Amino acid sequence: MQCPSIPALGQKMSYNASTDFTPIVLLGITPNILIANVDAPAKNVKDLVAYMKQNPGKVTFGSAGNGSTQHLAYELFMHMAGTQALHIPYKGSSPVLVDLMAGHINYTFETMGAATPHIQSGKVIPMAQTRTKRSPAYPNVPTMEQLGYVGFEATAWYGLMGPAKLDPKIVDKINADVNTVLRKPEIQAKLAEVSAEDGGGTPAAFSKFITKDRNQWAKLAKDAKLQVALN
């Protein structure tokens, strides 16, 4: 669910994601990973930032679309690095990855689940991951925080929500059942295949997670004067 970030980007919704739903349980968090075309001008974050500052407007970043988690990861990177590249929004991850591998764009932030097959085939180069802790799937790829971008966190996440004012007994029952399922080894294995991490927990913990995520993007929108057209 990405709705909590949208009002922070200057977009009006027909519903309020903060008040019109009841958080039940977090299903998983998927890190993004910064990947490069094999012929990109820089192969690590330090060199990339230096290149962008020396060659304004020459570096291209694709994303899965305006307002996507991949786009927000890009905007956070540009803001924290104090530089700018050319953002090219696509309609989904597949065309981004096709153009990245073909060399039509230089870089993208992509979810680990979508990027991993192409990293494993050697068609793209992993540069950094976007949670503050390293994913077990990529123990040798540094986080953006480890590279000096303190607090850098940009993820896709998935959760189960109910209607507003849902009976707490129902919330707790569903939460307990989902937590039981999430602990099953076969489910853990399936989640690991798409790099979904840290699912489960209480409704209160999920609500706190949503608030933190929303506040992060609201702060970025304010600090970077960011407004995004989502069409």
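With a simple spin-label model that places each label point 7 Å from the Cα along the Cα-to-Cβ direction, the separation between Q146 and K43 comes to 1.8 nm. In whole percent, and with a 1.4 Å probe on the protein chains, what portion of the accessible area of the chain is carbon and sulfur? About 56 percent, which is the carbon plus sulfur part of the accessible surface. When both bridge partners sit in the chain, DSSP labels roughly 75% of those beta bridges antiparallel. The calculated FRET efficiency for the pair S121 and N66, based on their C-beta separation and a Förster distance of 35 Å, comes to about 0.75. Here segment 188-226 is scanned for amide nitrogen atoms under 19 Å from the site 7 Å beyond the Cα of D167 along Cα-to-Cβ, giving 203.
Between V98 and E193, the FRET efficiency from the beta-carbon distance, with R0 = 22 Å, is close to 0.50.
Looking at segment 174-223, which trypsin sites (Lys or Arg not before Pro) are in a loop (DSSP not H, G, I, E or B) and have at most 14 other Cβ atoms within 10 Å? Those satisfying the criteria are R183. In this structure the chain gives 50 Å² per residue of accessible area when probed at 1.4 Å with all protein chains present. Once the chain from T211 to Q54 is taken as fully extended at 0.36 nm per residue, the excess over their C-alpha distance is 52.8 nm. Bridging of K91 to lysines at a Cα separation below 16 Å is possible for none of them, once same-chain residues fewer than 8 apart are set aside.
The values are calculated or read from the model by the stated rules, or taken from the named source; none is laboratory data. Computed from a predicted model, the values in this text were never measured in an experiment. Cβ: placed from backbone, ideal geometry, glycine included. Neighbour counts: every protein chain shown. Ligands, DNA and RNA are stripped out before the accessible areas are found, and what is left, the full protein with its side chains, is counted by its heavy atoms. Shrake-Rupley method; radii C 1.70, N 1.55, O 1.52, S 1.80 Å.
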